[in-house]
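So the structure is just underneath, and the comments pick up after that.
What follows draws every value from the coordinates through simple rules; no lab data is involved. Keep in mind the model is a prediction, meaning the values are calculated, not measured. Because the Cβ atoms are built from the backbone with ideal geometry, glycine has one as well, and the counts that use them run over all protein chains shown.
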Amino acid sequence: MKSEFPGAVPEIPVSDINKATAYYESSLGFNLDWGGAEGGIAGISKGDCRMFLTDAAFRKQYGNAAPVLIWLNLNSKEEVDELHKVWSASQARIVAQPESKPWKLHEFTVADLDGNLFRVFYDFSRRVRVEEVHGFRGETPSHPAPEEE
């Protein structure tokens, strides 16, 4: 058996597939890969991030419902801030502005039309651990040079 899993593909409950796919495309920059209202499920993607949007009829068997919370892990504080700017400019529903939290995540939150939430974050605790172990704020092969907080 492989010791690693592929990226998870979350299922996001929506009330209207057509309105949801339009929002995910125009406001969040996702691509509609397949599906739609006829089957009750649509596959969307952006880069390596894949998700399924499903309507109530499709979800009836399992009973899952909105809202859900999805965490999107980016590679730097700058990437988080840049995505916030892009999504703000495209009229995404920003719930919380970018902020470095005491739990060592730099994050912001956005909502979709059904109240599902995306917490977009960069985990800077890894950088802090490298600094503690190596006693410097330099660059290692697996950790780029840190940005200032």
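Most exposed first by the Cβ proxy, i.e. fewest other Cβ within 10 Å, how do D48, D123 rank?
In order of increasing Cβ crowding within 10 Å: D48, D123.
Hey, with R₀ at 30 Å, roughly what FRET efficiency would E25 and R126 work out to, going by the Cβ-Cβ distance, to 0.05?
Plugging the Cβ-Cβ distance into 1/(1 + (r/R0)^6) gives 0.40.
What's the FRET efficiency of R119 with E38 using the Cβ-Cβ distance as r and R₀ = 30 Å, to the nearest 0.05?
Efficiency at R0 = 30 Å is approximately 0.45.
Loop only by DSSP, 15 or fewer other Cβ within 10 Å of the Cβ. Give me the GluC sites (Glu not before Pro) in the range 1-99 that pass, ordered by residue number.
When the GluC sites (Glu not before Pro) of the range 1-99 are filtered for loop state and at most 15 Cβ neighbours within 10 Å, E4, E38 remain.
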